[in-house]
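This report refers to the structure that appears directly beneath it.
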Amino acid sequence: MQARRTSPQSIAIVLGWLHRIFDATATWVSQLSWWKFFLFAALALIAGKILQDELFSGGGEEIVERSDKKPNKKEESNILIDDSGIRFNPRPKPRRGAAVVAEPAEPAESSGTAVPAPPKPPEPGADNPNEVHIALPPQIGEELSNAIEMAVNEAAEAKVTRYHKQASTWFKSFVTLLVLGLFATKALVGGKKRAEAQTQTANAAVERESMQRQLSEAKMQMMQAQVEPHFLFNTLASVEYLIQVDPPRASAMQSSLIQYLRAVLPQMRDNVVVTNLGREVDMVKAYLNLLKMRMEERLTVELQVPEQLRSAAFPPMMLQSMVENAIKHGLECKPEGGTLKIVAEVAGNKLRVIVADDGAGFGVVPSDGTGLGLPTIRERLKLLHGDKGQLQIAANSPSGVIATIEVPYQLST
């Protein structure tokens with residue numbers, strides 16, 4: 001019973017080893033390029049040819065040794081060749097039940113004991129009537145015996161040579177089948193192995209990209225959570241001041257602040273990667289309404305966003321960040337203020353959102369805001385859309401900055 005239990009285990013172990021060896025071989029072959037594989041195949045065939053010549057060529061003559069020793073004439077044989085000629089059946093086997101007649105012993109010369117005399121060869125036709133004797137001269141009999149011995153040796157050499165040819169053919173076939181098997185493995189299994197390796201590489205790249213995206217989104221969420229505290233404090237202080245001097249205006253500013261918070265807070269809670277352009281525009285409208293109450297006639301807003309583009313997919317907080325940069329670095333620091341223009345359009349298969357101002361421009365006032373920032377916008381666009389997402393910054397005429405975001409045009413889900 002123990003042997004029966006271990007036998008399937010042994011078979012399973014052997015099959016497991018064979019599977020691992022095949023898998024390792026298939027992996028190695030699949031990693032080779034085709035020109036390297038053909039070079040390896042050529043070298044393997046050349047090495048097999050060299051081994052074939054060394055192992056199986058010219059070996060037959062060295063293995064078969066010719067013997068000059070004459071056959072024993074006294075051994076029983078159906079055919080006997082000696083100096084007297086050729087004998088057929090010279091020593092027939094004795095019949096069953098036949099008596100063996102012993103020859104009389106001859107007295108020994110040195111002692112009195114009797115020594116049996118050697119048996120005499122039977123006379124032709126005496127004991128064996130079927131015996132045929134062909135008398136030949138001694139020289140011819142010896143030459144005939146040597147010729148028969150040479151024929152036997154040549155037959156043995158031919159047999160050994162035939163064996164070497166068969167072994168050589170088997171060895172050549174083995175090397176050829178091995179190369180063909182590797183070729184078939186590379187052609188059939190190699191594609192699967194390469195696909196698995198490419199899948200693993202792609203999965204690793206996707207995982208790295210996902211981690212980078214999560215890091216970027218974490219930065220974005222942290223910046224969203226700040227909601228620019230000094231902006232809120234300034235707005236609340238303005239509301240408190242206007243309550244005393246201009247209650248209707250204070251009420252309008254408070255309504256705009258509530259509208260802004262309603263637009264911003266869901267964005268912070270959702271933590272979405274992509275939202276729609278209409279949601280972003282509504283949030284920016286609330287933000288600009290608050291700023292317009294503070295800057296009054298110094299701020300002019302032009303909004304050109306077609307209704308059909310409000311459902312277009314757009315990354316969250318990017319439009320807000322571009323508007324903040326235009327206000328802080330261009331219009332707020334300019335005594336006479338200026339105009340902020342927001343335009344959305346479709347160019348080809350891309351959604352283009354433009355934020356332009358005629359303010360002081362970048363570099364005049366250092367940044368102290370808490371927006372996403374232009375480097376972060378570029379990084380998020382690259383993670384979300386690759387080369388299809390772009391942020392372009394250019395100078396406006398006669399002054400100010402034009403910031404343009406391009407993303408693939410698609411509807412928000």
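What is the residue count in the stretch 394-407 for residues that are exposed (fewer than 15 other Cβ atoms within 10 Å of the Cβ) and in a strand (DSSP E or B)?
2
Conditions: (1) among the charged types (D, E, K, R); (2) modelled with pLDDT under 85; (3) within 25 Å of Glu406 (Cα to Cα). Arg279 meets all but one. Number of the miss?
Here Arg279 meets the rest and fails (2).
Is it fair to say Val273 is assigned to a loop (DSSP other than H, G, I, E, B) and either out of contact with any helix residue (DSSP H, G or I) (no Cβ under 6 Å at 6 or more places or on another chain) or modelled with pLDDT of 85 or more (or both)?
On the way: assigned to a loop (DSSP other than H, G, I, E, B): yes; either out of contact with any helix residue (DSSP H, G or I) (no Cβ under 6 Å at 6 or more places or on another chain) or modelled with pLDDT of 85 or more (or both): yes.
Spelling it out, Val273 is indeed assigned to a loop (DSSP other than H, G, I, E, B) and either out of contact with any helix residue (DSSP H, G or I) (no Cβ under 6 Å at 6 or more places or on another chain) or modelled with pLDDT of 85 or more (or both).
If Ile258 satisfies every condition in (1) modelled with pLDDT of 75 or more; (2) closer than 25 Å to Gln304 by Cα; (3) of a type outside the set (Gly, Ala, Ser); (4) surrounded by 13 or more Cβ atoms within 10 Å (Cβ to Cβ) but one, which is the exception?
Failing condition for Ile258: (4).
What residue, among those in the stretch 282-325 that are polar (S, T, N, Q) and assigned to a helix (DSSP H, G or I), is modelled with the highest pLDDT?
Narrowing the stretch 282-325 to residues polar (S, T, N, Q): 289, 300, 304, 308, 311, 320-321, 325.
Within this subset, residues satisfying the condition of being assigned to a helix (DSSP H, G or I) are 289, 308, 320-321, 325.
Details: Asn289: 85, Gln308: 94, Gln320: 86, Ser321: 85, Asn325: 85.
By that ranking, first place goes to Gln308.
With (1) within 20 Å of Ser412 (Cα to Cα); (2) touching a residue at least 24 places away in the same chain (Cβ under 8 Å); (3) surrounded by fewer than 22 Cβ atoms within 10 Å (Cβ to Cβ) as the list, and Gln308 as the residue in question, which single condition is left unmet?
(2)
Would you please name the residue that is nearest to Pro375 (Cα to Cα), looking only at residues in the stretch 223-255 that are among the β-branched types (Val, Ile, Thr) and modelled with pLDDT of 70 or more?
Thr235
Based on what the data block shows, is Glu131 at pLDDT below 80, loosely packed, with under 13 Cβ neighbours inside 10 Å and of a type in the set (D, E, K, R)?
So Glu131 fails the test.
Is there a residue being among the polar types (S, T, N, Q), surrounded by fewer than 19 Cβ atoms within 10 Å (Cβ to Cβ) and within 16 Å of Asp282 (Cβ to Cβ) anywhere in the stretch 314-337?
Here is the first cut: in the stretch 314-337, the ones among the polar types (S, T, N, Q) are 320-321, 325.
Those left that are additionally surrounded by fewer than 19 Cβ atoms within 10 Å (Cβ to Cβ): none.
Scanning the stretch 314-337, I find no residue that is among the polar types (S, T, N, Q), surrounded by fewer than 19 Cβ atoms within 10 Å (Cβ to Cβ) and within 16 Å of Asp282 (Cβ to Cβ), so the answer is no.
The values are calculated or read from the model by the stated rules, or taken from the named source; none is laboratory data. No experiment lies behind these values; they were computed from the predicted model shown. Cβ coordinates were reconstructed from backbone atoms using ideal geometry, including for glycine residues, and neighbour counts include every protein chain displayed.
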